[in-house]
Amino acid sequence: MKKNFYIKTYGCQMNVYDTEKMTDVLEAEGYVASTEVDGVDLVILNTCHIREKAAEKVYSDIGRIRKVVNTEDKTQKRGLIAVAGCVGQAEGREIMRRAPAVNLVFGPQTYHRLPALLGEVADQRARGLTPRVLDTDFPAETKFDHLPRAKAGRSASAFLSVQEGCDKFCTYCVVPYTRGAEFSRPVAAIMSEAEELVAGGVREMTLLGQNVNAYHGLTENGEVLSLAGLIRLLAKIPNLGRIRYTTSHPRDMTQELIDVHGEVSQCMPYLHLPIQAGSDKILTAMNRQHGAESYIETIDALRKARPDIAISGDFIVGFPGETDEDFEATLALVERIKYAQAYSFKFSPRPGTPAVDMENQVDEDVKAERLARLQDLLNKHQREFNDQTVGMTMPVLFEREGKQKGQLIGRTPYMQSVHVTLSAVDETSEQEYNSLMGDVRDVEIVTAGPRSLEGRLV
Ligand code: 5AD
Ligand code: SF4
């Protein structure tokens with residue numbers, strides 16, 4: 001009988017992409033994906049280390065999962081528990097110590113070696129041992145050369161990893177330690193993966209990287225191509241209607257890339273450009289390598305190139321040394337930019353990062369109060385952004401089924417979720433439903449909520 005597996009994904013879109021890749025690796029090895037964790041032969045937790053809460057959740061999940069995997073036999077057939085992702089990378093040894101139920105820990109740079117690692121696990125079992133395998137090396141070969149090729153057909157919108165790792169070393173962030181140094185995939189590998197995805201029905205592609213706009217991949221002639229150049233090349237693929245990229249760093253937002261937003265129609269009018277805080281003092285302490293004014297200039301330039309561009313951001317409140325005045329500067333910046341959408345967090349001291357040891361750590365209740373104030377303002381702006389779309393007709397790419405019968409969920413160019421429900425649920429509408437899925441259609445927005453829109457086909 002074939003073995004089955006279940007992967008739980010935490011954290012960022014890079015992990016979503018990695019989960020798809022691990023799924024491909026396991027399916028090529030004869031494993032079958034299960035939709036639930038109960039009774040499976042292998043569970044992989046693809047973890048996130050960015051904030052303490054995310055990392056601690058992994059340990060509580062292990063405790064729960066331990067009881068529901070295949071427990072047929074204490075040794076030979078018992079379901080295996082593996083921890084992948086950034087917690088695995090950062091806390092591999094500690095997981096081995098703290099969680100005896102875990103059989104395998106492996107880091108984000110080793111996913112192509114999963115079959116070999118599972119082989120090692122099987123070997124240990126064959127010798128009557130409870131398997132315990134740890135691999136958090138950064139191998140010399142790049143995993144991208146050894147992972148299965150892209151597989152389309154999951155959705156009309158796909159992620160494509162073009163860059164990984166980070167050399168920026170913001171003082172609060174674990175990414176440079178868990179994902180390693182910056183690496184850009186070669187252009188030819190990206191282009192062939194993109195072409196295959198489009199041939200399989202993908203209409204929208206989100207280029208992924210922790211520092212995606214620092215992309216500098218080699219062409220076959222040995223020339224270096226920027227992200228702007230890569231987007232221009234991808235835009236030549238027929239039927240690839242939408243191109244997005246995330247996450248970008250303000251310092252790498254070049255004029256060339258800004259121009260692409262004005263010139264390449266496939267480049268969607270939406271950009272996630274985190275600033276984290278509005279005070280230059282805090283930005284310096286965070287080692288962001290830019291100030292608030294230069295960020296505002298970048299956004300102004302983007303709006304000049306593409307007046308309707310929607311901006312999204314990330315914020316951290318309560319970074320060490322943040323005074324009321326510094327926090328007011330964040331609110332003032334938010335007022336100035338008016339984000340269409342944003343993520344905001346309380347500063348979480350992460351082991352091994354410089355900010356842990358900084359003086360003037362901010363009290364938790366002050367952090368909580370600032371976060372609530374910031375989120376009120378961000379939510380107000382998001383609501384205003386959504387409200388102004390009522391009555392507008394926008395192209396929507398339908399990506400997935402909704403919860404209700406006849407309901408489809410898609411996205412506007414500005415990343416807003418749109419729900420459309422077909423009126424009569426009969427045979428004709430079923431055909432229409434199927435033809436809409438994966439397609440871009442004009443939708444009139446009828447109502448707006450804080451997080452999503454309702455529309456009807458025009
Ligand atoms: N504490 C709180 N938020 C953090 N982020 C990264 N590290 C931390 C931390 N230590 C946030 C940043 C980043 C997003 C992915 O997570 O806002 O942009
Ligand atoms: Fe972390 Fe800063 Fe790199 Fe982003 S740019 S991944 S926040 S170190």
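The values are calculated or read from the model by the stated rules, or taken from the named source; none is laboratory data. Remember, predicted model here, so these are calculated numbers, not experimental data. Ideal geometry is used to build each Cβ from the backbone, glycine not excepted, and the neighbour counts take in all protein chains shown. These area figures cover heavy atoms from the full protein model, side chains too; ligands, DNA and RNA do not enter into them. Shrake-Rupley method; radii C 1.70, N 1.55, O 1.52, S 1.80 Å.
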- In square angstrom, rounded to the nearest 10, how much accessible surface does H146 have for a 1.4 Å probe? 110
- Query: Hey, which lysines would be in cross-link range of K405, C-alpha to C-alpha under 19 Å, not counting anything within fewer than 8 residues on its own chain?
  - Reply: none
- Point-charge dipole on Cβ atoms (K/R +1, D/E -1) for region 1-64, about Cα centre, debye to 20: 180
- What is the Cα centroid distance between region 391-415 and region 216-253, reported in whole angstrom? 27
- So what are the ³J(HN,Hα) numbers for region 2-17, from phi and the Karplus equation (6.51, -1.76, 1.60; θ = phi - 60°), rounded to whole Hz, Gly and Pro as x? 5, 7, 10, 9, 9, 10, 9, 10, 10, x, 8, 5, 4, 5, 4, 5
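Counting only protein heavy atoms, what percent of the accessible surface of region 149-268 is carbon or sulfur at a 1.4 Å probe? Spell out each step's value before the answer.
Values: 2330 of 4420 Å².
Using a 1.4 Å probe with all protein chains present, region 149-268 comes out at 53 percent carbon and sulfur.
Please compute the per residue accessible area over the chain with all protein chains in place, 1.4 Å probe, rounded to a whole number of Å².
Details: 20400 Å² over 458 residues.
Value returned for the chain: 45 Å² of accessible area per residue.
Past the 18 angstrom mark, what percentage of all C-alpha to C-alpha distances in region 4-135 do you count? Please list the in-between numbers first.
On the way: 4240 of 8646 pairs.
That fraction is 49 percent.
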- How large is ³J(HN,Hα) for each residue in region 79-93, as worked out from phi by the Karplus curve 6.51 cos²θ - 1.76 cosθ + 1.60 (θ = phi - 60°), to whole Hz, x for Gly and Pro? x, 8, 10, 10, 10, 10, x, 6, 5, x, 5, 7, 10, x, 5
- Normalised convex hull volume, region 249-386, alpha-carbon set, Å³ per residue: 106
- Message: Can you list residues from other chains, or at least 5 along the same chain, whose modelled amide H is less than 5 Å from the amide H of G217?
- Response: L225
- What pairs in K338/K380; K53/K367; K21/K57 have C-alpha atoms more than 19 Å from each other? K21/K57
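To the nearest 20 debye, what charge dipole does the chain have about its Cα centre, counting +1 at the Cβ of each Lys and Arg and -1 at the Cβ of each Asp and Glu?
1160
Pull out the extension gain between E444 and R383, defined as 0.36 nm times the separation in residues minus the alpha carbon to alpha carbon distance; nm, one decimal. Write down the numbers at each step before the final one.
Details: separation 61, 0.36 × 61 = 21.96 nm, distance 1.77 nm.
Here the segment from E444 to R383 would lengthen by 20.2 nm.
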- Note on the structure: Within the chain, cysteines having no neighbouring cysteine beta carbon under 4.7 Å are C12, C48, C86, C166, C267
- Query: When Rg is the radius of gyration of the Cα atoms in the chain and Rh is its Kirkwood radius, what does Rg/Rh come to?
  - Reply: 0.97
- Whole-angstrom gap from region 287-342 to region 43-57, using each part's C-alpha centre: 28
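Could you sort K281, K304 by accessible area so the largest value comes first, with the probe set to 1.4 Å?
K304, K281
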- Read phi for every residue in region 165-175 and hand back ³J(HN,Hα) as whole Hz from Karplus 6.51 cos²θ - 1.76 cosθ + 1.60, θ = phi - 60°, with x for Gly and Pro. x, 8, 10, 7, 6, 4, 6, 9, 10, 8, 4
- Task: With a bin width of 10 angstrom, please list the P(r) values of region 393-457 as percents of all Cα-Cα pairs, from the 0 bin to the one holding the largest distance.
- Result: 23, 60, 16, 1
- Query: Can you give the charge dipole size of region 149-268 about its Cα centre, rounded to the nearest 20 debye, using +1 on the beta carbon of Lys and Arg and -1 on the beta carbon of Asp and Glu?
  - Reply: 420
- Query: Long-range amide H contacts for E182: which residues qualify at under 5 Å (H placed 1.01 Å from N, peptide plane, sequence gap of 5 or more or a different chain)?
  - Reply: C166, D167
- With runs of 4+ DSSP H residues as the only contributors, calculate the mean residue ellipticity of the chain at 222 nm using -39,500 (n - 2.57) per run, divided by the residue total and rounded to the nearest 500. -11000 deg cm²/dmol
- Selected from M253, L331, A99, residue furthest toward positive end of dipole (the chain; charges at beta carbon): A99
